[in-house]
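As structure tokens, the structure follows; a few thoughts come after it.
Nothing in this text is a laboratory measurement; each read-out follows from the coordinates by a stated rule. From a predicted model like this one, the values you see are computed outputs, not experimental measurements. Quick reminder, even Gly has a Cβ in these numbers, built from the backbone with ideal geometry, and neighbours come from all protein chains shown.
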Amino acid sequence: MQALSTKDKIEANGRDKDLVDYFAIGKQIVVVSDDFETFSREKVYQIMMGCYKEQYAQALDGVKGAEITAWWDRAVDIIPAGGSKGVAVEKVLEHYHIDCSEAVAFGDGNNDMEMLKAAGHGIAMGNASDELKEIAEEVCGHVAEDGIYYYCKEHGLI
């Protein structure tokens, strides 16, 4: 099963446990399209689907211009190649003429790796994956315990 995201909505071609659980993390429900074939012809910005790491190559087999980013071990986001959170940080910093050394980024999933690398100070949340913690400059508190707030307060950012 997969869900497609356009500028106006997100719809899926069905429901399976991984997709339903994936959406539930964000307190959303999977909306099944009445006409997925037509919906899939719209400009798609992201595809969400249940997928495990060993299936990544198969999921992108024959696909050009896309890459997988994942923050959960049972699902992936398929995004345009070169469209990571890290690129977004770089573009914002460039637009506002801010040096990356002045930027702080917080993350908790492997899809945040590029973002933490693009910011001058990459901070992993206490609940972050071990892989993300390895590349982070520091680790702050758990997301459920207001880790960003307390980090910012302790470091005089707020």
query: Hey, can you rank 54-64, 19-29, 99-109 by average C-beta count inside 10 Å, highest first?
result: 99-109, 19-29, 54-64
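Counting other C-beta atoms within 10 Å, which of T69, T6, T38 has the fewest, and how do the rest follow? Intermediate values should be presented prior to the final figure.
On the way: T69 18, T6 14, T38 9.
With the fewest neighbours first, T69, T6, T38 line up as T38, T6, T69.
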query: Semi-axes of the stretch 10-158's equivalent ellipsoid from the Cα gyration tensor, sqrt of 5 times each eigenvalue, largest first, rounded to whole Å?
result: 31, 19, 15
message: If each residue of separation counts as 0.36 nm, what is the full-extension length gain between K133 and I98 once their alpha-carbon separation is subtracted?
response: 10.1 nm
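Quick one: compute the contact order of the stretch 1-96, relative version, from alpha carbon pairs under 8 angstrom and 6+ residues apart, as a percent.
After rounding, I find 25 percent.
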task: Taking every pair of Cα atoms in the stretch 1-49, average 1/r, invert it to obtain the Kirkwood radius, and report Rg/Rh to two decimals.
output: 0.94
field: Estimated vicinal HN-Hα couplings, Hz - the stretch 79-96 in sequence order (Karplus 6.51, -1.76, 1.60; Gly, Pro = x)
entry: 10, x, 4, x, x, 6, 4, x, 4, 4, 4, 4, 5, 5, 4, 5, 4, 8
message: Counting each pair of different Cα atoms once, what's the Kirkwood radius of the stretch 1-87 in Å, rounded to one decimal?
response: 13.3 Å
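Tell me what the chain gives for mean residue ellipticity at 222 nm when only DSSP H runs of n ≥ 4 count, each as -39,500 (n - 2.57), the sum divided by the residue total, rounded to 500 deg cm²/dmol. Mind dumping the intermediate values first?
Numbers: 7 runs with 48 residues, N = 158.
Calculated mean residue ellipticity at 222 nm is -7500 deg cm²/dmol.
Can you tell me how much longer the chain between I148 and D21 gets when fully stretched, taken as 0.36 nm per residue apart minus their C-alpha distance, in nm with one decimal? Don't jump to the answer; show the numbers that get you there.
On the way: separation 127, 0.36 × 127 = 45.72 nm, distance 2.53 nm.
Roughly 43.2 nm would be gained on extension.
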message: Apply the Karplus curve 6.51 cos²θ - 1.76 cosθ + 1.60, θ = phi - 60°, to the phi angles in the stretch 17-24 and return the couplings in whole Hz, x for Gly and Pro.
response: 4, 4, 5, 4, 5, 4, 5, 5
